[in-house]
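Below is one structure; the comments refer to it alone.
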Amino acid sequence: MRRLTILLFLSFMTLAGLTPAWAGGIAFIVNSGGASISVIDMGTLKEVRRIPALREPHHVALSPDGRSLLVGDTTGNQMMFLDPNTGEVQKRIPITDPYQLGFSPDGKYLTVNGLARNQVDIYDAATMKLIKRFPVVATPSHLAYSPDSSTVFVSLQDSNKLEAFDLRTMTEKWAMPVGKTPAGVLWLNGKVLVADMGTDYIAVVDPADGKVLEHVVTGKGAHQLFMSPDSKVLWVNNRVGGTTVTLDPTTLKVTRRYAIPGGPDDLDFAPNGKIWITRRWAEKVAVLDPATGSYDTIDVGRSPHGLFLNPRAPSPTVVSSR
Amino acid sequence: MVDPLDITAGWLEEHLLIPALYQVGLMNWEDVSYGWALFAVYGAVQVVVTFAVCLPLERWRPVERWPDSGAVWVDVIYTVLSRVGILPLVTYVMFYRAQVFVTGWMADQGLVPPTLEGVFPFLLGQQVITFVLYAIILDCAEYWRHRLSHQFRWWWALHSLHHAQRQMTFWSDDRNHLLDDLISFVWFGFIALLIGVSPLQFPLLVLVLRFLESLSHANVRLSFGWLGDRLLISPRFHRAHHGIRAAGDRSCNYGAVLPWWDMLFGTADFARDYVQTGDPSGEEALATGTYWQQQMAGLRRFIRSFGRRTARQGM
Ligand SMILES: [Zn+2]
Ligand SMILES: [Zn+2]
C-alpha cells in the first residue's frame, strides 16, 4: 500500500515537473487607482492577494538579471522592487515620478519617464544612479529602445511629438511631430511605430530623423503596441474604440479585431497563447483566447494599468499558504 | 468584488467622456476625466444619502419652520456644484499635477516627502488605519483654517457668505465663496503634500465624514448627548457656531467633524442651545441673493475689507 502511495506521489511530482506553466505562475496587475498590485494565480485565474503600494503605481519592468520586478509609484515618488517569483517586496527606493520605465536591451540603462514632471531620466541600471535628466516639453508617456541600445524613443503625450535621445552621447537627437496624442512606442524592423491616442492610427517613423513615413489605421484611440514573443503578431490596443487588433508585422495589415471594452491598456503574453489585457475603467483583466475571441475576466483593483506575467513562478496560492 | 460605483464611473468615462474628449481632440485629459468621473459619482451618492437621511430628520424635529423656504434652494446649487459638478474637476486639475510636481521636486533634492507610512512603517498596507489618522490630521487643519477665516477681516468677508444663511439646512455645508473655496484648496493642497492618500480609496469613510459635515448644518433638534457631543460634532454644536451673536471673531465651535480641537484650544461652547443663524452685519444679497448675487456681494465685501480699518463690526 505504502509503495503505491509513494508511486502515486512521485507520478504527481513528475507531472508537476513536466508542466511548469500549469503548476503555477504569477501575474502581477498594477492597480494605478487602488495603490496596490494584484497577485493573480495564473493557473486558477484568481486573485490571491494585494501588495500595497504607496500612492499611484503604473508601470513595471523586469530587471536585466531577472531578479526584480520594478514597479514605479508616481505620486509616491518611489520605485518598488518585487521578487518576480513570490511578489515579496525586496526594497523601496525614492525616485522622482516614475511613470513609464524600461531597461535598455543591453541591460545598461533604465529610462524613467516622469509624466507629471516633464522629464526623461536615464539611470545606471546596475547602481540606480541618475546619469542624465532630459527636460522635455510635455508629459513623456511611453518609450522604446533601438535594438542596439544606442537610442531611446519617448512619446510626449500632451505635445504632438516623439523625441529621440542618444544614449552614447547622452544628448537629444530630435523631437518631431508624429500625431495628435502620441502614446505607445515600439521598434519594428528598423522603424519606430507610435500609436496615436488622439486619432485612429499608428505612425511609422524613420528612427534616423523622426519623419513619419506612413499611417496605419488600427482603431479609435490607438494606444499601445506589443510584439508577440515569437515575433509573428503585432498587437495594438485601441482605447476609445474598445478594441484590440492584430497586425501582420511585415505588411502592417490588420488581420483580426477583438472587442475588449473598458479602455484596454497594457497587454502581456501567456505561454498557453492567451493574451492578458488590463481594462482600465472596468477594473478587470481580460484573458483573451485569440483563436475564439472570447475572454475570461478577472476582477482586480481600480484602474489596472501595467501588468507582468511570470509563468515560471510557483503558484502564489501555495506561496501564500506557506 | 468590484465596486458598483466604480463601474458606474467607468461607464461614464467609456461611453460619455472619452468619446467627447476624442471628438474635440483632448485625449490627453483622459486621466483627469476619469478622476472627475469617480469624484462625480461618489459625490452624487454622498448627496443622495445625505438627502435621504437628513430630510426626514428635518421634518421630524425642525429647529425652525419657515413659511417661505426659498433661500434654501441656492444651497442646493452650492452642494451639487461642489460635490458633483465643476469644483472637484478644478481641484483635480489644479492640484493633482501640482502635487506630483512639488513632491517630485522634493525627492530630487534628496528630500523624501514625509508620509505617515514612512515614519511608521507598520502602517504600510494598513490603508484604513492610515486614512483615519490622516482624516484626523485633516480635521485639525480644517479647524485652524476655519478659525483663521474668522480672524482676518478680508477672510471673514468671504467666509461670511457661509454664515449669511438664515434658513440653515443640511444643504448649507457647501455654501462658500469661490475665493474661499480656492483658499481651502491651496490650504489642503499643502497638507495633502504630506498625505497624498487618495480619498477615492476610501469612499465609504469620505461619505461618512461628508455626511457628518452636512448633518451638522441640518435644521434639526439633535444632539448626540453629553458624551456623544464631545466625540463627534452634532447639529446642535455646529448651530452654535452659526448663531447670530456668534458671527465673526466672537464665534465658537469651529470644528468640522471632531469637536476635540475646540475643546483642546479653548473655543468649545456646549451651552448654546439651538440659536438663530445668520450674520446681520452683511448685506442682504449674501443671504437671499441668487448664486451669482451672493458671489458678487462676497467679492464686494472682500474688496471693502482692505479699505476701511474701522467698523470691525461683525468681525
Ligand atoms: Zn464659520
Ligand atoms: Zn458651517
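All of the numbers you see were taken from the coordinates with simple rules; none came from a lab. Remember, predicted model here, so these are calculated numbers, not experimental data. FYI the Cβ positions are ideal-geometry reconstructions off the backbone, even for glycines, and counts take in every protein chain you see.
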- Message: Between helix A:2-18 and chain A, what is the angle of the helix's C-alpha long axis to the longest principal axis, kept within 0 to 90° and rounded to the nearest 10?
- Response: 10 degrees
- Note on the structure: Counting only residues 5 or more apart in sequence or on a different chain, those whose built amide H sits under 5 Å from that of A:Arg49 are A:Val39
- Message: Counting only other residues whose beta carbon sits under 10 Å from that of B:Ile77, what net charge do I get with K and R as +1, D and E as -1?
- Response: -1
- Please order B:Arg300, B:Arg65, A:Arg55 by the number of other Cβ within 10 Å, starting at the fewest. B:Arg65, B:Arg300, A:Arg55
- Starting with the fewest neighbours, write out A:Glu163, A:Glu214, B:Glu283 ranked by other beta-carbon atoms found within 10 Å of each beta-carbon. A:Glu214, B:Glu283, A:Glu163
- Query: What distance in nm separates the simple spin-label points at A:Ile131 and B:Leu231, each placed 7 Å from Cα in the Cβ direction?
  - Reply: 6.0 nm
- Rg to Rh, two decimals, where region B:4-304 supplies the alpha carbon set and Rh follows Kirkwood: 0.97
- In whole Å, what is the distance between the alpha-carbon centres of region A:234-276 and region A:182-217? 16 Å
- Message: If I take R0 = 45 Å and measure r between the Cβ atoms of B:Arg272 and B:Phe122 in this structure, what FRET efficiency does the formula 1/(1 + (r/R0)^6) give, to the nearest 0.05?
- Response: 0.60
- Query: If the chain between A:Asp209 and A:Asn272 were fully stretched, how many nm would it gain, using 0.36 nm times the residue separation less the Cα-Cα distance?
  - Reply: 18.7 nm
- Which value in nm describes the separation of the simple spin-label points at B:Leu299 and B:Trp187, placed 7 Å from the Cα toward the beta carbon? 2.2 nm
- Note on the structure: Given all pairs of distinct Cα atoms, the protein assembly as shown yields a Kirkwood Rh in Å of 27.0 Å
- Item | FRET efficiency, A:Ala259 to B:Leu16 (Cβ-Cβ, R0 22 Å, nearest 0.05) | 0.70
- Task: Take each uninterrupted DSSP H stretch in chain B, measure its Cα extent along the helix axis, and return the ones at 27 Å or beyond whose mean Kyte-Doolittle hydropathy is at least -1.0.
- Result: B:30-60, B:127-151
- Item | Ascending count of other beta-carbon atoms within 10 Å, so fewest first, for B:Val208, A:Val112, A:Val245 | B:Val208, A:Val245, A:Val112
- Query: Per residue of the protein assembly as shown, what 222 nm ellipticity follows from adding -39500 (n - 2.57) for every DSSP H run with n ≥ 4, rounded to the nearest 500?
  - Reply: -10500 deg cm²/dmol
- Between their Cα atoms, which of A:Lys132/A:Lys274; A:Lys46/A:Lys180; A:Lys220/A:Lys274; A:Lys132/A:Lys220 are more than 28 Å away from each other? A:Lys132/A:Lys274; A:Lys46/A:Lys180; A:Lys132/A:Lys220
- Given +1 on the Cβ of Lys and Arg, -1 on the Cβ of Asp and Glu, and no further charges, what dipole in debye does chain A carry about its Cα centre, rounded to the nearest 20? 660 debye
- Only Lys, Arg (+1) and Asp, Glu (-1) charged, at Cβ; the protein assembly as shown dipole about Cα centre in debye: 960 debye
- Please work out the FRET efficiency for the pair B:Val76 and B:Leu205, using the Cβ-Cβ distance as r and a Förster radius of 22 Å; give the result to the nearest 0.05. 0.35
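Can you give the net charge of the other residues whose Cβ lies under 12 Å from the Cβ of A:Phe226, counting K and R as +1 and D and E as -1?
Taking every other residue near A:Phe226 into account, the sum is -3.
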- Size of charge dipole - region A:37-112 - debye, nearest 20, with Cβ of Lys, Arg +1 and Asp, Glu -1, no other charges: 120 debye
- Message: Output wanted: per-residue J couplings in Hz (rounded whole) for region A:252-266, from phi through Karplus 6.51 cos²θ - 1.76 cosθ + 1.60, θ = phi - 60°, x for Gly and Pro.
- Response: 6, 9, 5, 9, 7, 10, 10, 7, 10, x, x, x, x, 10, 9
